[in-house]
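The values are calculated or read from the model by the stated rules, or taken from the named source; none is laboratory data. Note that the structure is a prediction, hence the values are computed from the model and not measured. Counting neighbours? That spans all protein chains shown, and the Cβs are built from the backbone with ideal geometry, glycine included. We work out accessible area using only protein heavy atoms, side chains counted, and drop any ligands, DNA or RNA first. Shrake-Rupley method; radii C 1.70, N 1.55, O 1.52, S 1.80 Å.
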Amino acid sequence: MPSVWKQAIIVGASSGIGEELARQLVAQGCRVALVARRQEELERIVSALNAGGVQNALIYPHDVRHSEEIPTLFQKIAHDLGGVDLFIYAAGVMPAVEPNEYCFEKDRQMIEINLLGAIGWINEVAQRFGQTHSGTIVGISSVAGERGRMTMPAYCTSKAAFTTYLEAIRNRIGRYGVKVVTVKPGPVITPMTAGLGKMPLQITAERAASEILVAAKRGRANAFVPHTWRWIFLILRNVPSFVFKKLKL
Amino acid sequence: MAVQSLENQKEESVSTPLEKPLPLDHLERVEAWGMNTSVCSYVYRPTTVEGIREVFQIAKAHDRTVALRGSGCSYGDASLGAENISLDLTRMNRILDWSPETGVIRVEPGATIRNIWQYVIEDGWWLPVVSGTMFVSMGGALGMNIHGKNNYGMGPFGEHVLAFDLLTPAGELLRCSREENSELFFGAIGGFGMLGCFVSVTLRLKRIYSGQLSVYAFATPDLSTLFREFEARMGSADYLVAWVDCFATGKALGRSLIHQADYLAKGVDPTPTQTLRVKHQELPETILGLIPKSIMWRFMKLFGNNWGMRLINRTKYVQGSTLGNKKTFRQSHAAFAFLLDYVPNWKFIYKPGGLIQYQSFVPEATAEACFRAQLETCQRAGIVPFLGVFKRHRKDSFLMSHAVEGYSFALDLPVTKHNRERVWSLAKELNQLVLEAGGRFYFAKDSTLDSETARSYLGEEALHRFYALKRSCDPHNLLQTELSRRLFGTDWK
């Protein structure tokens, strides 16, 4: 089925959900800019995506912590693609954190990549989409942002803040016809979750990407992936703190 | 999600250095008149020649191209440049000089037909050639070399241009006329904004002795009669235009209503001072004095589908062939000429997909068979034009001319999310018919041509001359549009 979008940017496209989103969008005929830090990974992906001869995938090595590069890079990508109508922020890290570990460097990295990088990019994108009254922004947040879990304090914080930030942006530019979609995946089989063992309701990146694109097409404000998490978190969100504390999640 | 290792977090960015961005507050969505395509561009609206020079400099400094845009009345992508600079000339709209004795006027490129006729009509002058809308700018009128309902007699707009000043991207300000820089004169008029920016235009207007025209309306039952009537009348009529019911089939294929209009000779109008007033020309704001025309498109939208349009076309023909048949009446110049402005925003009935206007120009010997085949092809494809307009033309001497000694047929085709690809492939089929008939196309209307078709109808000789002009006026290839890239690429060879 042809894509409803003509040009898309995916930040964090070198692996996992971002890579799979790129693959599916290119397969639908969309021109896609893949942005990520690791050039060699990007090159590997793009050579597979463009193997058919049509150069629909372009790569842009970039570290989201270098926020000063974003305005020029974003404009360059828009120019190269001939426009942008879909922006996906899929960059994120979740380094392993021991139960009693308090490592500020790891925490800072999560906040910088999962949150500040997203704000840096989406501020730029939102300004453009708000001004031109069109476009779809998709932020890959997480179910982890729904509650503060003892196993991953900074990760939960980064995702909760990202979810709130996306809501605020939606309230700011949604009135101009811009869709802002907050995606909250549960565990997805990606390099990020490798080594964490089997987790409940775990799905493949392929399925996650496909559900994300459906949610984006419909312009849903919040999309749990898979949908079952919506009902689980309807309960979990309303569990009182003193009970949640005892669950040791 | 991308995994980033902690060890590498301090390493320098691998991104390559980039140029400084263009100011985001200049970014706007710019749409084709037919609403079938839109792009985002950095829009600049200078008010002086120096301002235009500055925009050229900005474009060069940021490695961007420039798309010239007047009022944005081209149906397709002729004034669009995605993610590049849009040089919008609407603020350069002054009347620079006017001589009521000779009828010679000099204007800036953003001045519209409306600005001009409203300025000159009380002195007894009118533009010799006008389009179906009065909102076309002079820059657009020259760039596209527009035509009117009198093309067979008066030629295109360019034939009434005495001179113009052209600022080329190379930085030269050139005076062009039939005597001075004449090759550029005949290349830039109709040159779809590829050779430079018109910064002033000098025109010779037409003397009129009344603010009214004598209009004769009548019906023709089929396509052959339509051709016969045009042939018989073009020798004497000042204006000729026909509306065609594109839904009619079989023997009624091509049935139409013709409007012939003639200027009133001196002394015929007993009150010329009154009819030459702007107020007399202005189009009414209500229908039957009751319904505001500004909301009419909302009612019309209910009929914006095949069945609705079939009904409207049939009703219009029945009315025109019975009650309105063979009627003579007086109509103001503005009311007769600017049919597209009669119902404000009527094009919104085509929302959200928009429309394309497929207009082809075919020599008289092959026109009837070609247009018959076009109608049948559209009907077979199930994409019937909601509106068809038929006009007579003559050849002209402009380099990239769209005109022929023959006829044009303009078909309004609705574009929807579901039929878009079919419309484009239908246009491809129609192109083939036109090429086989020795016909031509018009950049102001085009949305669907491909490079091969454009090259085929324009011919190698004209293209080589045009390319040579392009290379000399715009050596860095600054002026580009979506249309120019689609039809001619970027190397101009």
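Which of the residues spanning the stretch A:94-125 are assigned to a loop (DSSP other than H, G, I, E, B) and either under 30 Å from residue A:173 (Cα atoms) or of a type outside the set (Val, Ile, Thr) (or both)?
Those that are assigned to a loop (DSSP other than H, G, I, E, B) and either under 30 Å from residue A:173 (Cα atoms) or of a type outside the set (Val, Ile, Thr) (or both): A:94, A:95, A:96, A:98, A:99, A:100, A:101, A:102, A:103.
Quick check on the stretch A:33-40. Is at least one of its residues away from every other protein chain (no Cβ under 11 Å) and either buried (at least 20 other Cβ atoms within 10 Å of the Cβ) or of a type outside the set (Val, Ile, Thr) (or both)?
To start, the set of residues in the stretch A:33-40 that are away from every other protein chain (no Cβ under 11 Å) comprises A:33.
Restricting the remaining residues to those that are either buried (at least 20 other Cβ atoms within 10 Å of the Cβ) or of a type outside the set (Val, Ile, Thr) (or both) gives A:33.
Yes, the stretch A:33-40 contains a residue that is away from every other protein chain (no Cβ under 11 Å) and either buried (at least 20 other Cβ atoms within 10 Å of the Cβ) or of a type outside the set (Val, Ile, Thr) (or both).
Select the strands (runs of 3 or more DSSP E) contained entirely in the stretch B:146-233, then report the ones holding at least 1 residues which are under 23 Å from residue B:396 (Cα atoms). First the steps, then the outcome.
Values: elements: B:161-167, B:173-177, B:197-204, B:212-220.
Counting at least 1 such residues, we get B:161-167, B:173-177, B:197-204.
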If you scan the stretch A:137-161, which residues turn out to be open to solvent by 10 Å² or more (accessible area, probe 1.4 Å), of a type in the set (Val, Ile, Thr) and closer than 21 Å to residue A:17 by Cα?
A:143, A:157
What are the residue pairs meeting all of these: first residue in the stretch B:29-43, first residue away from chain A (no Cβ under 13 Å), second residue among the aliphatic types (A, V, I, L, M), Cβ atoms under 6 Å, and 6 or more apart or on different chains?
B:34/B:355; B:34/B:356; B:36/B:356; B:36/B:415
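Select from the stretch B:215-245 the residues that are touching an Asp or Glu at 6+ places or on another chain (Cβ under 9 Å) and open to solvent by less than 30 Å² (accessible area, probe 1.4 Å) and list them in ascending order. First the steps, then the outcome.
At the first step, the residues of the stretch B:215-245 found to be touching an Asp or Glu at 6+ places or on another chain (Cβ under 9 Å) are B:215-216, B:218, B:220, B:223-224, B:226-227, B:231, B:236-240, B:242.
B:215, B:218, B:220, B:223, B:226, B:227, B:237, B:239, B:240, B:242, listed by residue number.
Which fully enclosed helices (runs of 4 or more DSSP H) of the stretch B:304-423 have 3 or more residues being surrounded by fewer than 21 Cβ atoms within 10 Å (Cβ to Cβ)? Break it down stepwise before answering.
Values: elements: B:306-321, B:333-337, B:364-381.
So the answer is B:306-321, B:364-381.
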Which strands (runs of 3 or more DSSP E) does the stretch A:1-91 wholly contain that include 2 or more residues that are in contact with a Phe, Trp or Tyr (Cβ under 9 Å, 6 or more places away or on another chain) and farther than 17 Å from residue A:191 by Cα?
A:7-11, A:31-36, A:86-89
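I'd like to check something: does the stretch A:95-102 contain any residue that is among the charged types (D, E, K, R), free of Cβ contacts under 8 Å to residues at least 12 places away in the same chain and either more than 10 Å from every other protein chain (Cβ to nearest Cβ) or more than 21 Å from residue A:10 (Cβ to Cβ) (or both)?
Filtering the stretch A:95-102 down to residues among the charged types (D, E, K, R) leaves A:98, A:101.
When the remaining residues are screened for being free of Cβ contacts under 8 Å to residues at least 12 places away in the same chain, the result is A:98, A:101.
Now narrow it down to the ones that are either more than 10 Å from every other protein chain (Cβ to nearest Cβ) or more than 21 Å from residue A:10 (Cβ to Cβ) (or both): A:98, A:101.
Yes; the residues of the stretch A:95-102 include at least one that is among the charged types (D, E, K, R), free of Cβ contacts under 8 Å to residues at least 12 places away in the same chain and either more than 10 Å from every other protein chain (Cβ to nearest Cβ) or more than 21 Å from residue A:10 (Cβ to Cβ) (or both).
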Lone qualifier among B:86, B:74 - being closer than 18 Å to residue B:188 by Cα, of a type in the set (Ser, Thr, Tyr) and in contact with an Asp or Glu (Cβ under 9 Å, 6 or more places away or on another chain)
B:74
Of A:54, A:64, the only residue that is open to solvent by 30 Å² or more (accessible area, probe 1.4 Å) and either free of Cβ contacts under 8 Å to residues at least 60 places away in the same chain or within 8 Å of chain B (Cβ to nearest Cβ) (or both) is A:54
Given the options B:286, B:249, name the one that is of a type in the set (Val, Ile, Thr), modelled with pLDDT of 95 or more and over 23 Å from the mean Cα position of the chain (by Cα).
B:249
Counted residues in the stretch B:424-448 being surrounded by 17 or more Cβ atoms within 10 Å (Cβ to Cβ), of a type outside the set (Gly, Ala, Ser) and within 25 Å of residue B:309 (Cβ to Cβ) come to 10
Can you tell me which of B:120, B:39, B:104, B:49 is in the same structural domain as residue B:145 (by TED's automatic domain parsing) and open to solvent by 10 Å² or more (accessible area, probe 1.4 Å)?
B:104
